[in-house]
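Let me begin by presenting the structure, written as C-alpha cells, before commenting on it.
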Amino acid sequence: TKMQNETDCIQKSWFCTFNKEQSGGRPRPHGRRKGRIMKEKLLEKFRSIFGREAEKVFFAPGRVNLIGEHTDYNGGHVFPCALTIGTYAAAAKNSGGMLRFFSMNFEQKGIITADITDLRNDKEHDWANYPKGVLKVMLDAGYAIPCGMDILYYGNIPNSSGLSSSASVEVLTGYALRELFGLDADFVELAKIGQKAENEFIGVNCGIMDQFAIAMGKKEHAIFLDTADLSYQYAPLVLGDAKLVIACSNKKRGLGDSKYNERRSECEAALAKLQTVLDIRSLGDLTEEEFEANRAVIKDAVKERRAKHAVYENQRTIRAVAALQANNIGEFGRLMTASHNSLRDDYEVTGIELDTLVEAALAQEGVIGSRMTGAGFGGCTVSIVRADRVEEFIRSVGEVYINRIGYKADFYVVDAGSGPCTL
Ligand code: GLA
C-alpha cells in the first residue's frame, strides 16, 4: 500500500528507528479519550447544522518549523514538525452537486455553499476558500469526486498564528476526500495538492514546507526535508529535559497581504543574477563560500541580503540537524538564535513583536534557543526551554511583552504529533 511505501522510505533514514505502528492506520493524534470526546462533539454539531449524520471524523495537525525559514522556495532544507493540535472535520457525501461548509471557528459565517462544477475564489466565502481550493485542484487533476459533500470543521490552532492553520485545513480536506471517495492519493500527493490550492486558488506563492510537515507528521519526530527533491528523513525530537514553547505574538497577519510574495521574487531575481556566473538551480545549491565569492554579481544591496539569508539559513539547517543527531542541543539552540538574527537583519521579516519575544526569551535562564517561526511579520516564536524553567519563562516573557507591546502574548507548550488520521 501507499502507507507501506512511506514507511519504507523512513527505514533508509540514518537516525530513525522503524516504527511498526505507523505501517497500519495512523496512530491517534492524542489519547483515545480526548479523541473520542472530540469525535462526539463534532458528530453532534454536524447533526445540528446539517440535520443528518456524518460518515466520518478526521484530524490533521498544525506545524511548527524548528529551523530552515524561507528556504523552501529556494531549494533548501527545512526542519519542521507536526503538532498535536490541529483541525478536525466531520463529513458526509450528499446526493447533489453542492458543497456545504461550516466552521465552528467562524459560526457567524453560517453554512457556506458552493457548486462543485463552478469553484472560484469568492471573497465572501472567506475561510471556505481553502477547502474549495483543494476541491478545485483535485477535480482538475481528475480525481473522481462525483457528488457533493457536507463538511464541518473545528480547529484548535490559533488563527493567523504562523502554525499553519490554513495548510492544516487544506491537507485535512484532501485527506477527507481521499477517505470519503476512496481516492488513490498518498500523503506526499496530499501535501502537493494543498500547496497548489494555496498557490493557485488563494494566491500565496508558498513553498511545500507546511503542507508536507502536516501530511507527513510523525509523533515525537521532526522532518528533515530537502525541498529541492522532496527527499526527507525523520529525526527523533530528543530534547532531553527541555520543552518546545511557542509564544504567539497575537499580531495578526495574512500571508496574502504580507510581503511574502515580494521576498520570493527578490530571491528569484538574485538567483537569476547568480546564474549568469554559476551553474546552479537554486540558492540552496550554494555554500556560504560560493555565495561570498559571487555575491557581487547581484548588484542590489537588498536582494543580496535576501539571498545571503537563504544560503546561510540552508547551511544552518543542515548543521542544526547534525547537531541534534549528535545530541548537541546547545549547538542546535545557538543555530536557532542565529536563524532569528538573519531573519531580522537580512531577510527583514520579524518586526518589533517577534524581536521582543525572542530578546526576552534569550534573557531568561534555561533557554537553549529561540526564534521566529513560519513566514514572520507577526505570528509565533519557538523556543527550547528547560522543563523546570518553563513556568517562569512564560511569566517573565509574557510580562516583558505586554509592557512593551501593549497587548498580551499567548504561550503553548507543544509536542510533535502525527499526520492526518480518521478518528
Ligand atoms: C510560510 C510558507 C512556507 C514557508 C514559510 C517560511 O509558512 O507557507 O512555505 O515558506 O512561510 O519558511
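Some notes on this structure:
- Size of charge dipole - the chain - debye, nearest 20, with Cβ of Lys, Arg +1 and Asp, Glu -1, no other charges: 1100 debye
- Local net charge near Asp355, Cβ-Cβ under 13 Å (Lys/Arg +1, Asp/Glu -1): 0
- Contact order relative to length of the chain, as percent, for alpha carbon pairs under 8 angstrom and 6 or more apart: 23 percent
- Cα centroid separation, segment 279-297 to segment 179-256 (Å): 27 Å
- In Hz, Karplus ³J(HN,Hα) per residue of segment 52-69 (6.51, -1.76, 1.60; θ = phi - 60°; x = Gly, Pro): 7, 8, 7, 7, 8, 10, 10, 9, 9, x, x, 9, 10, 9, 7, 6, x, 9
- Local electrostatic count at Pro80 - Lys and Arg +1, Asp and Glu -1, tallied over other residues with Cβ under 11 Å: -2
- Hull volume in cubic angstrom per residue (convex hull over the Cα atoms of the chain): 144 Å³
- Residue order for Ser342, Ser160, fewest other beta carbons within 10 angstrom first, comes to Ser160, Ser342.
- Summed residue charge, Cβ within 10 Å of Lys109's Cβ, Lys/Arg positive, Asp/Glu negative: -3
- Residue (of Asn94, Thr84, Val413) at the positive-pole extreme of the chain, dipole from beta-carbon charges: Asn94
- Charge dipole (Cα centre; +1 on Lys/Arg Cβ, -1 on Asp/Glu Cβ; no other charges) of segment 326-369 amounts to roughly 180 debye.
- Per the Debye formula on identical point scatterers at the alpha carbon atoms of segment 36-86, with no solvent, log10 I(q)/I(0) at q = 0.14, 0.16, 0.28, 0.29 Å⁻¹ is -0.56, -0.62, -1.05, -1.07.
- Counted over segment 149-210 with a bin width of 5 Å, the fraction of Cα pairs per bin, in whole percents, is 4, 17, 27, 25, 20, 7, 1.
- Assuming charge only on the beta carbon of Lys and Arg (+1) and of Asp and Glu (-1), the dipole of segment 71-176 about its Cα centre is about 100 debye to the nearest 20.
- In the chain, a dipole from Cβ-located charges (positive for Lys and Arg, negative for Asp and Glu) runs towards its positive end, and of Ile214, Ala176, Met38 it is Met38 whose Cα lies farthest in that direction.
- For segment 80-123, the Kirkwood estimate of hydrodynamic radius, built from reciprocal distances between every pair of different alpha carbons, is 13.0 Å.
- Contact order relative to length of segment 342-423, as percent, for alpha carbon pairs under 8 angstrom and 6 or more apart: 24 percent
- Lys/Arg +1, Asp/Glu -1 at C-beta; the chain dipole; positive extreme among Ala235, Ala301, Ser282: Ala235
- Using alpha-carbon coordinates, inclination of helix 129-140 to the longest axis of the chain, degrees: 80 degrees
Readers should treat all values here as calculations from the given coordinates under stated rules, not as data from a laboratory. Model, not experiment: these values are computed from the prediction. In this analysis, Cβ positions are derived from the backbone assuming ideal geometry, glycine residues included, and neighbour counts consider all displayed protein chains.
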